[in-house]
Every structure is written in structure tokens, then in C-alpha cells.
Amino acid sequence: MSNHGDAEQIALACRVLAHQGLAEDILGHVSVRGDDDTLSVRCRGPRERGLLFTEAEDVHRIELEGTPRPPAGYAVPNELPIHREILLARPDVRVVVHVHPPAVVAADLAGLPLRPIIGAYNIPAMRLADRGIPVYPRGVLISSSELGKALAGTLGDAPVCVLRGHGIVATGETVAQAVVRALNLESLARMTLHATSSGNPVPELSEEDIAELPDLGPGFNDDLVWRSAVAKLEHAGH
Ligand SMILES: [Zn+2]
């Protein structure tokens, strides 16, 4: 029902995101653009036990537009329009992650925007913040194409977006890139909450330091972090 390689990767991504605490219980999904105007997406099936227990059999390929027709016994996500509208609006995006990371949601609700406060602690996270992270201001379920289009409009050409009172969207060219962007946002949000908890002002990294930090490349930034996250998952028995 789905490109098997993509299905395996999507299932693994769901388990990694859940294991890292970005997807509590059953909420969240990952999609990958397929050939011929299709996408493969994590669906809810007869054995549904939450994201941590996603298997390749839970991933199905559907049309990018029109009435989705998953196999009997499976339901596409209520928030499928997130995936469809972003993939339609962004030809450069191949992978869409939607999860509900608690620190990102808490920091945004507390009025703490994700700013480039860190440096070498997590350079890719700093770069996401330095670029500016758009915030979709509504806490609704993105269950219609109108809402999906509005969200895609807020995302614009950014790699990630915060959904107020809800979660995040992280995009990428690869599953590893999109998942690691989600992990990095949550890491930055946790640090933002810790650093501001004293009540003292937390300065941004200086422009000089930002300019001096290297780009270590996708092999380091994405693939090694992804491999580490998968290893931790396997070590935990998932
Ligand atoms: Zn959601």
C-alpha cells in the first residue's frame, strides 16, 4: 500500500518522536511525498497503540488531493490537511512531521519566543531561531483544507512552524532532517524555559558569535543525530 522504504522510515520516525517525548500517546503523524501526486502517511489502524508502537503496516499511500481512500480498517489523520497543504504549497518539501512537543507549546504559551540564545550547544537549533520561527496563532485542529492552507501560509518558506496551544510542524528533504528539526526545536524550548525560569533577562547570542559558528553539514547535523536517536530507541527495546 506504500513504498516500503518510506513506510519503514515513517514508522521509525514516529517511534523516535514518541520515545523522545515529542508525541504524547496517540497524537502526531509523519508523511513523505511519493510519486504521482501521492503521499505516504501514518494512519490509525486496528492495532492502534500510539506513536511509540507505529509499524510500517500503519503507513499508507493516498492521493495528494481528493477524498482519501486508505485500506479498510485504517483512518487517515484528522489533520491530514496539514500534510497535504504543505506538500502542495512547498515543492521543496518531501517530509512533513506534525507532533505536540510539550516544551515548545509551553514556551510559546508563556510568551517566550524561541530566540537564538544558545550557540555551540546546538548550532542547528540556534540557526532555526535566528532565521525566525513563525507561529500559527490558532489552537484549532487543522482538519480542513482551508485551515491547512492558512497554516501553510504561516509556515511560508520556513523549515518549521509553531502552532499555538497545539504543537509544531517540521519539514525536510529527508525523514532524518525533518525529525531532527523537530527534536532541535524541543531542545531549544527546554533550554528557553530553563534559562528564563530565574526571571533574569536571557540575552541572545552576539552577532559576532553567530557569524563564527560553522555549518557542520547535513551528515553531522541530521544523519548522526538521527542515528543516535534510532540507537536510543532500539536500546530501549522499540
Ligand atoms: Zn495536532
Check: Out of the stretch 43-84, which trypsin sites (Lys or Arg not before Pro) are coil in DSSP terms and have no more than 16 other C-beta atoms within 10 Å?
Finding: Arg47, Arg49
Check: Which residue, Ser187, Ser198, Ser206, has the most motion in a Gaussian network model of the chain that connects Cα atoms within less than 10 Å?
Finding: Ser198
Checklist line | D (Stokes-Einstein, µm²/s), Kirkwood Cα radius, the stretch 14-169, 0.692 mPa s at 37 °C | finding: 203
Checklist line | Derived scalar couplings ³J(HN,Hα) [the stretch 40-50; Karplus, 6.51 cos²θ - 1.76 cosθ + 1.60; whole Hz; x for Gly, Pro] | finding: 9, 9, 5, 10, 9, x, x, 9, 3, 9, x
Margin query: Connecting C-alpha atoms closer than 10 Å in a GNM of the chain, tell me which of Tyr121, Tyr74, Tyr136 has the biggest fluctuation.
Written below: Tyr121
Check: Can you list residues whose amide H is under 5 Å from Thr38's amide H, if they're 5+ apart or on another chain and H is modeled 1.01 Å from N?
Finding: Leu64
Checklist line | Computed magnitude of the charge dipole of the chain (debye, nearest 20; Cβ of K, R +1, Cβ of D, E -1) | finding: 620
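Taken together, the values in this text are just the output of simple stated rules run on the coordinates, not laboratory data. On a predicted model such as this, the values are computed, not experimentally measured, just so you know. All Cβ positions, glycine included, derive from the backbone under ideal geometry; neighbour counts span all protein chains shown.
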